[in-house]
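So the structure is just underneath, and the comments pick up after that.
Bear in mind these aren't lab numbers, they're just calculated from the coordinates by the rules spelled out. Predicted model, so just to flag it, every value in this text is computed and none were measured. FYI the Cβ positions are ideal-geometry reconstructions off the backbone, even for glycines, and counts take in every protein chain you see.
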Amino acid sequence: MIIKKEKKGNVTIYTVDKDYDDEKIKSKISTFIKRDHIKDIIDDDADVYTAEGKLLLRFRKDVLPNTHVNLFYDNIIKFAKNISQLRGNASGGKKMAEEKGVMSNIFGYFDKWSPSQKMVFKKKNFKPLIDVRECRFNLDHPEMYKQTIPLIQDIDHLYEKLTPDQYKLQRRKANQTVFKIPNTSFTTVTTNVNNQTSIHTDKGDDEDGFGNLAVIEEGKYTGGETCFPQYGIGVNVRTGDMLFMDVHQPHANLPIVKVDKDAIRLSIVCYLRKNVWLKTKGKTRKFRDRHNCTMKRLREKK
């Protein structure tokens with residue numbers, strides 16, 4: 001619930017308190033939220049702090065350049081529509097994710113092998129030097145991957161500007177690895193298309209950093225707001241907007257209701273995978289290129 005609201009320049013400063021205790025929110029993990037669960041939706045430039053004074057989120061509208069937004073969308077959308085079982089608890093639990101599949105995909109670098117890669121390793125009795133891989137999108141579409149980077153770098157610049165303390169901690173780690181998105185503090189990007197996430201906390205990212213979310217719309221829809229149900233608030237993130245948030249607090253998004261039949265809500269999350277950093281810090285570019293080349297050859301020979 002909002003317990004205080006004040007204006008500082010063009011930014012609204014909110015202070016929020018919990019609607020219910022931590023035990024209750026734990027019992028709601030992997031469940032979906034409805035609009036009547038959320039009291040307030042924020043749709044303006046805002047900083048939100050908890051009653052204890054901790055930054056919960058920072059939201060800015062229309063700060064991402066249209067040229068880079070469009071470039072990202074045009075090059076990623078076909079890949080982003082692939083069905084996967086990636087989301088686990090964020091899709092209502094692993095079983096539900098496996099049953100229905102979701103349009104949730106990753107690119108950049110990842111610290112887990114795919115089932116097909118594991119089969120190749122077993123068949124060839126091969127053990128990789130490190131358990132980190134280039135994602136399929138990078139491998140299959142290197143030129144399209146390059147076209148996504150300008151927007152990711154825009155997000156990184158806003159991260160540094162809007163939450164500099166968290167950014168410094170994450171960038172320090174990112175600078176220790178060459179297995180990352182060029183000139184950013186991120187190793188990995190997750191995309192989701194028309195996906196309602198259940199209540200969850202993010203896993204596998206850098207605990208010292210701050211999470212982020214950008215959205216690209218195609219066609220008209222309502223809903224999809226990113227919410228912190230324990231605090232009863234949500235944020236209406238739309239094309240060009242940028243949300244930075246504490247992703248280790250339980251969050252989810254509201255159902256997406258299409259106004260246009262083919263409407264798309266593409267969400268973009270950029271982060272530093274902790275295990276990618278741990279397994280690759282200090283490795284040289286030569287090592288990375290040799291490792292990537294070996295993995296690619298194995299893939300082609302399978």
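When the expected Rg is taken as 2.2 N^0.38 Å, what fraction or multiple of it is the alpha-carbon Rg of the chain?
It is 1.01.
Please name which of Val259, His141, Tyr73 has its Cα lying farthest along the dipole of segment 2-300 towards the positive end, using unit charges on Cβ (Lys, Arg +1; Asp, Glu -1) and the Cα centre as origin.
Of the options given, the answer is His141.
Order the peptides 230-242, 158-170, 114-126 from the highest to the lowest mean number of other Cβ atoms within 10 Å of their residues.
230-242, 158-170, 114-126
Calculate the length of the line joining the C-alpha centroid of segment 180-241 to that of segment 32-50, in whole Å.
Result: 14 Å between the Cα centres.
By the scheme Lys and Arg +1, Asp and Glu -1, what is the net charge of all other residues having a beta-carbon under 13 Å from that of His141?
Summing Lys/Arg as +1 and Asp/Glu as -1 gives -1.
Fewest to most neighbouring Cβ within 10 Å: what's the order for Glu207, Glu300, Glu225?
The order, fewest Cβ neighbours first, is Glu300, Glu207, Glu225.
For the chain, what is the charge dipole size about the Cα centre, in debye to the nearest 20, if Lys and Arg each add +1 at the Cβ and Asp and Glu each add -1 at the Cβ?
So the dipole magnitude of the chain works out to roughly 2000 debye.
Pick from Pro128, Pro250, Pro65 the residue whose mean-square fluctuation is largest in a GNM of the chain, springs joining Cα atoms under 10 Å.
Pro128
With θ set to phi - 60° and the Karplus curve 6.51 cos²θ - 1.76 cosθ + 1.60, what are the ³J(HN,Hα) couplings of segment 61-73 in order, to the nearest whole Hz, using x for Gly and Pro?
8, 6, 10, 9, x, 4, 4, 6, 4, 5, 4, 4, 4
Averaging the inverse of every distinct alpha carbon separation and then flipping it gives the Kirkwood radius. What is it for segment 131-263, in angstrom units?
This gives a value of 16.3 Å.
Residue by residue, what Karplus-based ³J(HN,Hα) values in Hz, rounded to whole numbers, does segment 171-188 have, using 6.51, -1.76 and 1.60 with θ = phi - 60° and x for Gly and Pro?
Rounded to whole hertz, the list is 5, 4, 6, 4, 5, 8, 10, 9, 8, 7, 5, x, 6, 9, 9, 10, 9, 8.
How large is the helix-only mean residue ellipticity at 222 nm for the chain, computed as the sum of -39500 (n - 2.57) over DSSP H runs with n ≥ 4, divided by its residue count, in deg cm²/dmol to the nearest 500?
Calculated at 222 nm, the ellipticity per residue is -10000 deg cm²/dmol.
If the only charges are +1 at each Lys and Arg Cβ and -1 at each Asp and Glu Cβ, what is the size of the charge dipole of segment 1-93 around the Cα centre, to the nearest 20 debye?
Dipole about the Cα centre, nearest 20: 240 debye.
Any chance you could run the full-extension gain for Ile130 through Asp62? It's 0.36 nm times the residue separation minus the Cα-Cα distance, nm to one decimal.
Additional length available on full extension: 20.5 nm.
If the chain between Lys286 and Ile41 were fully stretched, how many nm would it gain, using 0.36 nm times the residue separation less the Cα-Cα distance?
83.4 nm
Using Cα pairs closer than 8 Å and at least 6 residues apart in sequence, work out the relative contact order for segment 1-78, in percent.
26 percent
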